[in-house]
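S.K.: The structure under discussion is supplied below as structure tokens; questions concerning it will follow.
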Amino acid sequence: MLTDNRAIIASPRDLSQSVDAELSAFRDFVQVLHTEQEALIQGDIDRLIELARLKSEKVLLLSQFAERRNRYLAANGRNPEQRGSMDKWLQQHGGESPHTAEAWEQLLEQAKIAQQINQVNGSLIEIKLRFNQQALTLLQTAANQTGIYGPDGQTHASGLGRPLGKV
């Protein structure tokens, strides 16, 4: 099995090993997204910070695998920019690499799952941001509307004191 994700793919066997490694990396990425979702639901900010770092590492690894696969496809007469170039390669070499075709299908499925989870996580983040903005607006409004009694005995908006977030 190829362990260096930057290694050159020189043969269909190398491609098969690389697709297996990429599939494993995608499964790990999906697990990170699930963990991120749990942390978002629980409001675990410290965990989210660590997961953001881990997620970035996983995305970098996945992009390296894709780049390496695309270089192989280009070197073997396929345009990696063209949709379905891997499928076309598999059709041409299917008899030689049945395992690669199966792993590729699983990889595509993992990519769909990752996309769906990431969309849900993005929605959760948006909801939390909206909630925080509303809470901040409410606090700022309450701070600005605090009335005090003036010399005439009437309540007046204070305008005194320090603004929120200022020392």
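S.K.: If each residue of separation counts as 0.36 nm, what is the full-extension length gain between R83 and Q31 once their alpha-carbon separation is subtracted? It would help to have the intermediate numbers written out before the result.
M.R.: Values: separation 52, 0.36 × 52 = 18.72 nm, distance 2.68 nm.
Extra length available between R83 and Q31 comes to 16.0 nm.
S.K.: OK, next. Using 0.36 nm per residue, how much length does the chain from A143 to N76 gain when fully extended, once their Cα-Cα distance is taken away?
M.R.: On the way: separation 67, 0.36 × 67 = 24.12 nm, distance 6.70 nm.
That pair, A143 and N76, stretches by 17.4 nm at full extension.
S.K.: Could you give P(r) for the range 12-148, binned at 5 Å from zero, as whole percent values over all Cα-Cα pairs?
M.R.: In whole percents, the pair-distance histogram is 2, 9, 15, 17, 13, 10, 9, 7, 6, 4, 3, 2, 2, 1, 1, 0, 0.
S.K.: Something else about it: Hey, quick one: spin label on Q64, modelled 7 Å out along Cα-Cβ, who in the range 12-32 has an amide N within reach, i.e. under 20 Å?
M.R.: 14-32
S.K.: Same structure, new question: Test of understanding: what is the full-extension gain from Q119 to R13, defined as 0.36 nm times their sequence separation minus their Cα-Cα distance?
M.R.: Contour length minus the Cα-Cα distance gives 34.7 nm.
Every number in this text was worked out from the coordinates using simple rules, so none of it is lab data. Given the structure is predicted, the values throughout are model-derived calculations rather than measurements. All Cβ positions, glycine included, derive from the backbone under ideal geometry; neighbour counts span all protein chains shown.
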